[in-house]
Amino acid sequence: PGSENSTTTAYDLGIDAHTIVIAPALVRFGEDAHIEFRVTNCGLRTAYDYSVQVFDDMDRDSMIDPDELVADISGEAIVPSDSIIMFFVYEKPGLGVHMLGLSLDFANDRNPANNSAFKEFSVTNDIGELTLSPAVFSPNNDGYDDRLQIDFRLPEPGGLLTLYVFDMRGKIVHVLSKKEQWPHIAGTVYWNGEHSTSKAQTGMYIVYLEYSYHDKKIRAKETAVLAR
Ligand SMILES: [Ca+2]
Ligand SMILES: [Ca+2]
Ligand SMILES: [Ca+2]
């Protein structure tokens, strides 16, 4: 104490945008965003008495305006070369694209260059999430990429889920799943490249998701290539 001016790098906390994790990756309107990030002690002394201000930079000027502050979190002591993970819940962010900003407030900090970080995220209303992998699958029973994995995410459980596979001419090739009262908000199904009567031919296919809940409906589609 009292000698922190002996070296210019004595106190330096930093935040890196790469450590910001927002879950879920695509936030639905009305849902909370769970956010975590890492504060690292890049200096030579243990850091105490700092805080991180979290803001939603609506005017994108990289500054915290009074109505943009989301949270002000106090941090625990961090010894040199160590880091801590900080968490908070951004409750029900509004629709649209957000620029989340983090600003480190540490009176002793000698290096302000690493004291802020930004990450963009989106809040959507009516888009179903659908992910296909691999992009090219080969159902020839050689043990490699023999089936198409279809991952999906829904706004809430209890609705009517239907997953179709169409060919590029718009003909229904296969109905993958159709269930009353789908009990989960996420799921995975597989397509082995077959339909009721024969094997689907090489080509591009469209997987189409439709989900009805209450009086609402979401849809999503993605394409994959089948190559035998
Ligand atoms: Ca710093
Ligand atoms: Ca601002
Ligand atoms: Ca294969």
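The values are calculated or read from the model by the stated rules, or taken from the named source; none is laboratory data. Everything quoted here is computed from the prediction, not taken from an experiment. Ideal geometry is used to build each Cβ from the backbone, glycine not excepted, and the neighbour counts take in all protein chains shown. Note: areas computed on protein heavy atoms with side chains; ligands, DNA, RNA excluded. Shrake-Rupley method; radii C 1.70, N 1.55, O 1.52, S 1.80 Å.
Under the criterion of Cα pairs below 8 Å and six or more residues apart, the relative contact order for region 129-226 equals 32 percent. Please say if region 85-198 is rounded, prolate or oblate, where rounded means a/c under 1.5 for a ≥ b ≥ c the square roots of the C-alpha gyration tensor eigenvalues, and otherwise the choice is prolate for a/b larger than b/c and oblate otherwise? Prolate is the answer for region 85-198, as a/c is 1.5 or above and a/b outweighs b/c. Note on the chain: dipole from Cβ charges, positive end direction compared against Leu130, Ser198, Gly43; the farthest Cα belongs to Ser198. Multiplying the residue separation of Ile84 and Asp145 by 0.36 nm and removing their Cα-Cα distance gives an extension gain of 18.0 nm. Remark: region 82-89, residue by residue, has Karplus-estimated 3J(HN,Hα) of 9, 8, 10, 9, 10, 10, 7, 10 Hz, where x stands for each Gly or Pro and the curve is 6.51 cos²θ - 1.76 cosθ + 1.60 at θ = phi - 60°. Computed from backbone phi, the HN-Hα couplings of region 106-122 come to 9, 4, 7, 4, 9, 9, x, 4, 10, 9, 9, 8, 9, 8, 8, 8, 10 Hz, rounded to whole numbers (Karplus: 6.51 cos²θ - 1.76 cosθ + 1.60, θ = phi - 60°; Gly and Pro given as x). Backbone amide hydrogens, once placed in the peptide plane, bring Asp146 within less than 5 Å of Ser138, excluding anything fewer than 5 places away on its chain. Scanning residues 5 or more positions from Tyr50 or on other chains, those with amide H under 5 Å from its amide H are Gly75, with H placed 1.01 Å from N in the peptide plane.
Cα-Cα pairs above 20 Å in region 4-124: how many percent? Of the Cα pairs, 41 percent sit more than 20 Å apart. Computed with a 1.4 Å probe on the full set of protein chains, the accessible area for Ile206 sits at about 40 Å². Going by amide H atoms built from the backbone, whose H comes under 5 Å of the H on Val70, apart from near neighbours? Placed amide hydrogens put Val54, Phe55, Asp56 under 5 Å from Val70.
Each residue was assigned an accessible area with a 1.4 Å probe, and for Tyr190 the value is about 100 Å². Mind grabbing the accessible area of Ser196 for me, 1.4 Å probe, Å², rounded to tens? The value for Ser196 is about 120 Å².
Ignoring ligands, DNA and RNA, how do Glu68, Glu129 rank by accessible area with a 1.4 Å probe, largest first?
The ranking, largest first, comes out as Glu129, Glu68.
Using only the C-alpha atoms, the convex hull of the chain corresponds to 172 Å³ per residue.
Each of His195, His214 has its accessible area taken with a 1.4 Å probe; listed largest first, they run His214, His195.
Sorted by accessible area with a 1.4 angstrom probe, largest first, how do Lys171, Lys216 fall? Please list the in-between numbers first.
Values: Lys171 125, Lys216 100 Å².
Largest accessible area first, the list is Lys171, Lys216.
Our coupling estimate for region 43-51, obtained by passing each phi through the Karplus curve with A = 6.51, B = -1.76, C = 1.60 and θ = phi - 60°, is x, 9, 10, 5, 9, 10, 6, 10, 8 Hz, Gly and Pro reported as x. Within the listed set His98, His18, His34, the Gaussian network model of the chain (springs between alpha-carbon atoms below 10 Å) gives the highest mean-square fluctuation for His18.
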